[in-house]
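A quick write-up on the structure given underneath.
The values are calculated or read from the model by the stated rules, or taken from the named source; none is laboratory data. All figures in this text were calculated on a predicted structure; none of them were measured in a lab. Heads up, the Cβs are rebuilt from the backbone with ideal geometry, glycines too, and the neighbour counts pull from every protein chain shown.
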Amino acid sequence: MFSINPFDLPPRDAYRLMISAIVPRPIAWVSSIGKNGSLNLAPFSFFNGIGGNPPTLMISVGLRKGQPKDTLRNVQENGEFVVNMVSEALGPQMSLTAGEYDYEVDEFALAGLTPASCDLIKPPRVGEAAVAMECRATQFVQVTGTTYTVIFGQILCYHIKDGLLRPDGLIDADAMRPLARLGGDQYATLQPVFELKRPA
Ligand SMILES: Cc1cc2nc3c(=O)[nH]c(=O)nc-3n(C[C@H](O)[C@H](O)[C@H](O)COP(=O)(O)O)c2cc1C
């Protein structure tokens, strides 16, 4: 066993160490729309659900060359976004949409994905995604000492592919095949799901 003080590391190495320690991470594939109508799609693995009622989630978005990434800019402009879940089969397209493209670039078109209408908000969801969640931003938190802004959002509507919702009300993870992010360029898929009962 040995110790590493992350403050002794160059920032990039500290980041790389952290994202290889906190694994596996779910991936929010976030679609949003600009004031000018330009579509945007990008993955974020600083992502999780943080409360069940009302269902609330967070994503954490860093800066690019000192400027807000397109996702943050759009969500700050209109408060709306979609979190699409990434199944194994969509991995290559997800990775393609992580490129540092100009604001005007439509990553749906770039990755050959279908923008599908939402019920309650303007940004489209990824038509190919097994699960998509329409969200409204409730809070933006500039995280102290970092270049990250956490966007909190409430889930307003779920879109779930036929056959994925089990009779007990859970989404069938074995059928959804979600992709998880690890360190560097590594990803993981699910082993067959098993249950552990909690103490009564
Ligand atoms: C799997 C994956 C997860 C990522 N997670 C994050 C993240 O949590 N926060 C972040 O700022 N960037 C993250 N990135 C990088 C962004 O996707 C990338 O900067 C993207 O170009 C941002 O797009 P935008 O400017 O259209 O919002 C991730 C990239 C990948 C491939």
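Residues of region 83-92 that are within 11 Å of the ligand (Cβ to nearest atom) and in contact with a helix residue (DSSP H, G or I) (Cβ under 8 Å, 6 or more places away or on another chain): V86 alone. Looking only at residues that are within 12 Å of the ligand (Cβ to nearest atom) and buried (at least 18 other Cβ atoms within 10 Å of the Cβ) in region 70-82, which one is nearest to V143 (Cα to Cα)? Among those that are within 12 Å of the ligand (Cβ to nearest atom) and buried (at least 18 other Cβ atoms within 10 Å of the Cβ), it is L72.
Looking at region 140-149 only, could you name the residues that are more than 10 Å from the ligand (Cβ to nearest atom) and part of a strand (DSSP E or B)? Spell out how you get there, then give the answer.
The initial filter retains those residues of region 140-149 that are more than 10 Å from the ligand (Cβ to nearest atom), namely 140-146.
F140, V141, Q142 - these are the residues of region 140-149 that are more than 10 Å from the ligand (Cβ to nearest atom) and part of a strand (DSSP E or B).
Out of region 93-104, which residues are over 17 Å from the mean Cα position of the chain (by Cα) and within 8 Å of the ligand (Cβ to nearest atom)? Break it down into steps so the answer makes sense when it comes.
Narrowing region 93-104 to residues over 17 Å from the mean Cα position of the chain (by Cα): 101-104.
Those that are over 17 Å from the mean Cα position of the chain (by Cα) and within 8 Å of the ligand (Cβ to nearest atom): Y101, Y103.
Taking the criterion of being outside any loop (DSSP other than H, G, I, E, B) and within 16 Å of the ligand (Cβ to nearest atom), the residues of region 162-195 that qualify are P178, A180, R181, Y187, A188. Remark: pairs (first residue in region 43-59, farther than 20 Å from L179 by Cα; second residue at pLDDT 95 or above and within 15 Å of the ligand (Cβ to nearest atom); Cβ separation under 8 Å; 6+ apart in sequence or on different chains) = P55/G49; T56/G49; T56/I50; T56/F152; T56/G153.
Among the residues of region 51-69, those that are surrounded by fewer than 13 Cβ atoms within 10 Å (Cβ to Cβ) and under 21 Å from T147 (Cα atoms) comprise R64, K65, G66, Q67. In region 83-110, the qualifying residues are those that are surrounded by 19 or more Cβ atoms within 10 Å (Cβ to Cβ) and hydrophobic (A, V, I, L, M, F, W, C), and the one that is nearest to Q154 (Cα to Cα) is V83.
Does region 154-161 include one or more residues that are outside any helix (DSSP H, G or I), at pLDDT 95 or above and within 15 Å of the ligand (Cβ to nearest atom)? I'd like the intermediate steps shown before the answer.
From region 154-161, those outside any helix (DSSP H, G or I) are 154-161; that's our starting set.
From what is left, the residues that are at pLDDT 95 or above are 154-161.
Among the residues that remain, those that are also within 15 Å of the ligand (Cβ to nearest atom) are: none.
For region 154-161, residues outside any helix (DSSP H, G or I), at pLDDT 95 or above and within 15 Å of the ligand (Cβ to nearest atom): absent.
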